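The values are calculated or read from the model by the stated rules, or taken from the named source; none is laboratory data. Everything numeric in this text was worked out from a predicted model, so none of it was measured. Backbone-built Cβ (ideal geometry, glycine too); neighbour counts: all protein chains shown.
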Amino acid sequence: MAVRLGDIAPDFTADTTEGTINFHEWLGDSWGILFSHPKDFTPVCTTELGAFSKAKSEFDKRNTKLIGLSVDSVESHRSWDKDIEETQGQAVNFPVIGDPDRKVADLYDMIHPNANDTLTVRSVFIIGADKKVKLIITYPASTGRNVTEVLRVLDSLQLTADYQVATPVNWKDGEDVIVVPALSDEDAEKKFPKGFKRLKPYLRVTPQPNK
Ligand code: BEZ
């Protein structure tokens, strides 16, 4: 069955470029991002792994671990790593799962047969510190992901987890956020000492609480 938002992220043990890991143990108390790459030695994936590695300190700041996956072997990943470092000017600095038998790819429904029978699509699973799946995005093999967008949604998810707020269209870190409808005006006054604007009973905005 497909993994859905709110599910506990399926656990697994797998070989990676940084040794064998048990996913839940490896996550520990951190948030995690599991993302699939259709195949080793392919151009778009090469650029993605370089760019996410360059941004690793931004994910560290957000207590978030990155882990990639491709349905090739760890040995193949290690050989590909040299090309990534050479062409992107950055070595891969997080584990990449070797999944030649597609155990993890199947567990997370990363192969969409009507797109391609054997390669994974570009899945992104963001998993909270409670091990629950907070966000799923799926791109086709031909579209590289956007690191800035992944960081933006991670910021939104972490704000929601910590402060009972939602984020409006095109929101970026530092901008006003939305008080969730489940919170009464009275509770919102207590929770948001900077105050909030009540544009409609259901549309209330407040400065980002952690700024
Ligand atoms: C790529 O990563 O460049 C790629 C992989 C599979 C199909 C198309 C592109």
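Is it true that residue 16 is more than 16 Å from the ligand (Cβ to nearest atom), of a type in the set (Ser, Thr, Tyr) and in contact (Cβ under 8 Å) with a residue 24 or more places away in the chain?
Details: more than 16 Å from the ligand (Cβ to nearest atom): yes; of a type in the set (Ser, Thr, Tyr): yes; in contact (Cβ under 8 Å) with a residue 24 or more places away in the chain: yes.
Yes; evaluated as a whole, the condition is true for this residue.
Please enumerate the residues belonging to the range 53-98 that are in a helix (DSSP H, G or I) and aliphatic (A, V, I, L, M).
To start, the set of residues in the range 53-98 that are in a helix (DSSP H, G or I) comprises 53-54, 56-61, 74-88.
74, 84 - these are the residues of the range 53-98 that are in a helix (DSSP H, G or I) and aliphatic (A, V, I, L, M).
For the range 162-211, give me the residue count where each residue is of a type in the set (Lys, Arg) and closer than 19 Å to residue 149 by Cα. Step through it out loud before you land on a result.
Of the range 162-211, the ones of a type in the set (Lys, Arg) are 172, 190-191, 194, 197-198, 200, 204, 211.
Cutting the leftovers down to closer than 19 Å to residue 149 by Cα gives us 172.
So the answer is 1.
Would you be able to tell me the number of residues in the range 146-160 that are in contact with a strand residue (DSSP E or B) (Cβ under 6 Å, 6 or more places away or on another chain) and in a loop (DSSP other than H, G, I, E, B)?
0
Name the one entry in 155, 162 that is in contact with an Asp or Glu (Cβ under 9 Å, 6 or more places away or on another chain), under 27 Å from residue 52 (Cβ atoms) and touching a residue at least 12 places away in the same chain (Cβ under 8 Å).
Working: 162 fails: in contact with an Asp or Glu (Cβ under 9 Å, 6 or more places away or on another chain).
None of the others qualify; the one that does is 155.
Can you go through 162, 185 and tell me which one is exposed (fewer than 13 other Cβ atoms within 10 Å of the Cβ), charged (D, E, K, R) and either touching a Cys at 6+ places or on another chain (Cβ under 7 Å) or under 30 Å from residue 137 (Cα atoms) (or both)?
The unique qualifying residue is 162.
Specify which of the listed residues (136, 126) is under 23 Å from residue 13 (Cα atoms) and buried (at least 20 other Cβ atoms within 10 Å of the Cβ). I'd like the intermediate steps shown before the answer.
Values: 136 fails: buried (at least 20 other Cβ atoms within 10 Å of the Cβ).
From the options 136, 126, the qualifying one is 126.
Kindly indicate whether any position in the range 161-169 is more than 23 Å from the chain's Cα centre (by Cα), of a type outside the set (A, V, I, L, M) and modelled with pLDDT under 95. Walk me through how you get there before you give the answer.
Just the residues of the range 161-169 that are more than 23 Å from the chain's Cα centre (by Cα), to begin with: none.
Checking the range 161-169: not a single residue is more than 23 Å from the chain's Cα centre (by Cα), of a type outside the set (A, V, I, L, M) and modelled with pLDDT under 95.
Considering only the range 23-52, state which residues are in a helix (DSSP H, G or I) and within 9 Å of the ligand (Cβ to nearest atom). It would help to see each step written out before you state the result.
Let us first name the residues in the range 23-52 that are in a helix (DSSP H, G or I), namely 23-27, 43-52.
Passing the criteria: 43, 44, 45, 46, 47, 48.
Could you grab me the full set of residues in the range 28-79 that are of a type in the set (Asp, Glu), touching a residue at least 12 places away in the same chain (Cβ under 8 Å) and within 24 Å of residue 162 (Cα to Cα)?
Within the range 28-79, the first condition is being of a type in the set (Asp, Glu), and the residues that meet it are 29, 40, 48, 58, 60, 72, 75.
Those still in the list that are touching a residue at least 12 places away in the same chain (Cβ under 8 Å) too: 29, 40, 48, 58, 72, 75.
Once the filter is applied, which keeps residues that are of a type in the set (Asp, Glu), touching a residue at least 12 places away in the same chain (Cβ under 8 Å) and within 24 Å of residue 162 (Cα to Cα), the range 28-79 yields 29, 58.
Please count how many residues of the range 14-32 are crowded, with 21+ Cβ neighbours inside 10 Å and among the aliphatic types (A, V, I, L, M).
Summing the residues that are crowded, with 21+ Cβ neighbours inside 10 Å and among the aliphatic types (A, V, I, L, M) in the range 14-32 gives 1.
Okay, residues lined up against (1) farther than 30 Å from residue 18 by Cα; (2) of a type in the set (A, V, I, L, M):
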residue: 103; (1), (2): no, no
residue: 109; (1), (2): no, no
residue: 114; (1), (2): yes, no
residue: 143; (1), (2): no, no
residue: 170; (1), (2): yes, no
residue: 177; (1), (2): yes, yes
residue: 182; (1), (2): yes, yes
residue: 190; (1), (2): yes, no
